[in-house]
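**Student:** To start, I am sharing the structure in question, which I have written as structure tokens.
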Amino acid sequence: MNTHPPIICLSDISYCYPGAAAPVLDRLEFDFFAGNHTGLVAPNGSGKTTLFHIIMGLLKPDSGRIEIFGKTVSEEKDFLEVRHRIGLLFQDADDQLFSPTVLEDVAFGPLNLGKSKQEAVDISRRMLASLGLEGFEDRITLQLSGGEKRLVSLAAVLAMEPEVLLLDEPSAGLDEKTKEHLIEILRNLDISYIIVSHEIDFLADLADSVYTLQNGKIVLDTELHLHEHVHAHTYGRQPHKHD
Ligand SMILES: Nc1ncnc2c1ncn2[C@@H]1O[C@H](COP(=O)(O)OP(=O)(O)OP(=O)(O)O)[C@@H](O)[C@H]1O
Ligand SMILES: [Mg+2]
């Protein structure tokens, strides 16, 4: 039982894209608490990215109530604070990165939060280094590979020192070694997060509980629990021992 109130509380949220035949989110209820490490795995097109955009105020629900850090948020001005305290890693890195160089992209957030130029540069260099991207500072963002863009996007999100991370497929396009490194980084951060991923092993390493979206609602993923043993580690179905 959680004795503290949720830091993200979604009540009765519905959202239908203009012109779409059916709502993507349909009277959805969701409570997210400080310290939670939540996984979200659901089919393509089920509304995961839409849900993150609703939480960040990038889309406005047709109905329902959103409370974040104990306050009801509905207007654009309410979401400004939300965007300072919750870091969204966009599914598509090209939505995240818009500056000419890597350093400018990563420093944009801290500068926007009022840090001095030197502070913003220092934190950006530190974040890039922690993600194995030393020497990338002056690279042209547009010319980076897909995996490099994903890591620079992560550095840009982490440089804002958010209290909550919403990560939309953070491991997509990353090689195994980089993925392991990302798992290590996320495990060492004292931060609450929701991770959307189609990679069950990745979620098994990082999430305390895993949810799915069904008919526009969030539900606990009971199927994943049943199959956890099969999917959770490298040896899969081969006979193996647990220490
Ligand atoms: N701008 C838009 N206009 C109309 N429909 C949209 C728009 N963006 C998304 N959709 C539709 O809304 C549904 C949910 O999309 P969303 O991107 O939230 O799914 P998702 O669960 O994140 O999928 P994926 O796993 O492929 O990333 C899909 O059917 C999608 O086609
Ligand atoms: Mg998506």
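The values are calculated or read from the model by the stated rules, or taken from the named source; none is laboratory data. It should be emphasised that the depicted structure is a prediction, and the values quoted were computed from it without experimental measurement. Using ideal geometry, Cβ is built from the backbone for each residue, glycine included, and neighbour counts are taken over all protein chains shown. These area figures cover heavy atoms from the full protein model, side chains too; ligands, DNA and RNA do not enter into them. Shrake-Rupley method; radii C 1.70, N 1.55, O 1.52, S 1.80 Å.
**Student:** Measure up 60/115; 60/179; 71/217; 179/217; 117/179 against 25 Å on the Cα-Cα distance and list the ones that go over. Please list the in-between numbers first.
**Tutor:** On the way: 60/115 30 Å; 60/179 33 Å; 71/217 22 Å; 179/217 29 Å; 117/179 31 Å.
From 60/115; 60/179; 71/217; 179/217; 117/179, over 25 Å: 60/115; 60/179; 179/217; 117/179.
**Student:** Tally up the carbon and sulfur contribution to the accessible surface of the chain as a whole percent, 1.4 Å probe, everything protein left in place.
**Tutor:** On the chain, the fraction of accessible area on carbon and sulfur atoms equals 51 percent.
**Student:** Rounded if a/c is under 1.5, else prolate if a/b beats b/c, else oblate: with a ≥ b ≥ c from the C-alpha gyration tensor eigenvalues square-rooted, which is the chain? Walk me through the intermediate numbers first.
**Tutor:** Details: a/c = 1.66, a/b = 1.11, b/c = 1.50.
Oblate shape, in that a/c is at least 1.5 and b/c is the bigger or equal ratio.
**Student:** Moving on. Leaving out ligands and nucleic acids, note down the accessible area per residue over the chain with a 1.4 angstrom probe, in whole Å².
**Tutor:** Per residue, the chain has an accessible area of 53 Å².
**Student:** Suppose every K and R has +1 on its Cβ and every D and E has -1 on its Cβ; what is the size of the dipole of the range 23-98 about the Cα centre, in Debye to the nearest 20? Don't skip to the answer; put the middle values down first.
**Tutor:** Numbers: 8 positive and 12 negative charges, 30 e Å.
Dipole of the range 23-98, to the nearest 20 debye: 140 debye.
**Student:** Further question on the same structure: Where in the chain lies the longest segment free of GluC sites (Glu not before Pro) that are both loop residues by DSSP (not H, G, I, E, B) and have at most 11 other Cβ atoms within 10 Å?
**Tutor:** It runs 135-243.
**Student:** Can you pull the one-decimal nm distance between simple spin-label points at residue 163 and residue 84, each 7 Å off the Cα toward Cβ?
**Tutor:** 1.1
**Student:** Working out 0.36 nm times the residue gap between residue 122 and residue 198, then minus their Cα-Cα distance, what length gain in nm do you get to one decimal? Present the calculation step by step, with values, prior to reporting the outcome.
**Tutor:** On the way: separation 76, 0.36 × 76 = 27.36 nm, distance 3.40 nm.
Additional length available on full extension: 24.0 nm.
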